[in-house]
Amino acid sequence: MDTRSLLRWRNLGVIAHVDAGKTTLTERLLWKTGAIHRMGEVHDGATTTDFQAIERARGITIGAAAVQTHWTPNGEPDHRLTLIDTPGHIDFAIEVERSLRVLDGAVVVFSAVDGVQPQSETVWRQARRHGVPLIAFANKMDRIGATFDTVLEQMRDKLGANPWAIGVPIGSESSFDGWVDLIGRTVEHWEDGGAAVRRPWNADDDAAYAAQRQQLIAAVAEHDDALASAYIEEREIDDALLRSAVRRATLAGKGVPVLAGAAFKTKGIEPLLDAIVHYLPSPLDRPPVIAESDRGDVELAPDPSGPLAGLVFKIAHHDHGPLAFVRLYSGTLKAGDAVWCSLGQRTRRVSRLAVVQANRTHDVEQAYAGEIVAILGWKDAVSGETLSDAAHPLVLESIQAQPAVLSWR
Ligand code: GDP
């Protein structure tokens, strides 16, 4: 196992105020990446992340805890994306904490009509407290009254965020039909039905958008030394330099790249997928986690050859039995292994491991630090359990469940 392949993994969540379009967007992301072939309609409850509807429709429950898919930005290697479900109606704040803990980055969806709503403020603060790097998607740009600038302004005013518009929407409301990428210098046009045509920007685009690109460079340069020196010395700033500066600054929590789209019309999905790859962290970009051990706290880096440490974060029920979803922070978990369970205080055998791809589970022999995998067949598994080597028992989570103070989905 080459640790460098972890650089091409993204474990992310989609978080939003209810009704901002989280379900629609998640489904479009799965559709564009080929994980699902047929899209449901949100209003009849048949979207892929609505797992109860899928259960009814297809006789399978996936829990939608973590769905794996992949995306290849133009001219770049393939990246694995794992979409982690964030709780809908939550009864315990600990559910929120746990979901923010197992993801490495998140897409926050705002409605470009309603702006930053109260639930978004709550979850924003929580994500920030957990140090989760974020990108934002101003959705519903096709609706009457939608404006990209309002979302940017409210992110500043209500969230104290530092939003970076990394592109410019073309047209508005019913004629919203394109996106200018200020970093990669491309223009994407959308046709009805979701087809997207992308081209490099030409001399006219340069005249129209160069000033906005300069503004973005100036804003990011305040938070990135490499970009700042190129900017001050008036050197040519190429796309790769700007992109890597935005990435570093986003991972450091200095700012939030913002895109615009209309999920319902499948507009803006490809630029968002590119941005997920470009600006959200890989498991290697996150700080080490701390686990308790009988020799005191230990720091765990995402190293497949390190001691085993995984957190069970969700139990889902499948036709063939329960699925215990695990985020692995360190070590390698193999089918057949016996592992120590911190809450059960006993050793259990892992007989089958699987990843969920849309509505199917797919058996795997082993899973590595940084991965999300499901253990099949563990009856009475509980979330919050740490899995480790019996010889080196570890505890990742010792917080107690608290009554909910939040409600978001
Ligand atoms: P969630 O509650 O955040 O999961 O939001 P949904 O995905 O269920 O969307 C809420 C409503 O907004 C549904 O009626 C969607 O069809 C609609 N919707 C979502 N995205 C868009 C969009 O981009 N444009 C328009 N016009 N409607 C949208």
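The values are calculated or read from the model by the stated rules, or taken from the named source; none is laboratory data. Being a predicted model, the structure only gives us computed values, none of them experimental. Please note: Cβ atoms are built from the backbone with ideal geometry, for glycine as well, and neighbour counts cover all protein chains shown. Just the protein is used for accessible areas: all its heavy atoms, side chains included, with ligands, DNA and RNA removed. Shrake-Rupley method; radii C 1.70, N 1.55, O 1.52, S 1.80 Å.
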Quiz item: Could you list, in sequence order, the residues of the stretch 299-321 that are farther than 30 Å from Ala249 by Cβ and either touching a Phe, Trp or Tyr at 6+ places or on another chain (Cβ under 6 Å) or open to solvent by 50 Å² or more (accessible area, probe 1.4 Å) (or both)?
Solution: Ser305, Pro307, Lys314, His317, Asp319, His320
Quiz prompt | Qualifying residue in the stretch 152-173 (condition: more than 16 Å from the ligand (Cβ to nearest atom) and within 23 Å of Trp9 (Cα to Cα)) | solution = yes
Quiz prompt | Yes/no for Thr361 being over 21 Å from Ala301 (Cα atoms) and surrounded by 18 or more Cβ atoms within 10 Å (Cβ to Cβ) | solution = yes
Quiz item: Name the pairs: first residue in the stretch 264-277 and within 10 Å of the ligand (Cβ to nearest atom), second residue part of a helix (DSSP H, G or I) and among the aromatic types (Phe, Trp, Tyr), Cβ to Cβ under 9 Å, at least 6 apart or on different chains?
Solution: Thr266/Trp31
Quiz prompt | Top-ranked residue of the stretch 186-211 - restricted to ones that are touching a Ser or Thr at 6+ places or on another chain (Cβ under 7 Å) and free of Cβ contacts under 8 Å to residues at least 40 places away in the same chain, ranked as least open to solvent (accessible area, probe 1.4 Å) | solution = Trp201
Exercise. Looking for whichever is acidic (Asp, Glu) and in a loop (DSSP other than H, G, I, E, B) here; the options are Asp204, Asp192. Which one fits?
Key: Asp192
Quiz item: Mind checking which residues of the stretch 8-19 are at pLDDT below 90 and surrounded by 21 or more Cβ atoms within 10 Å (Cβ to Cβ)?
Solution: Ile15, Ala16, His17
Quiz item: Which of the residues belonging to the stretch 227-266 are over 19 Å from the mean Cα position of the chain (by Cα), in a loop (DSSP other than H, G, I, E, B) and either among the β-branched types (Val, Ile, Thr) or buried (at least 20 other Cβ atoms within 10 Å of the Cβ) (or both)?
Solution: Ile237
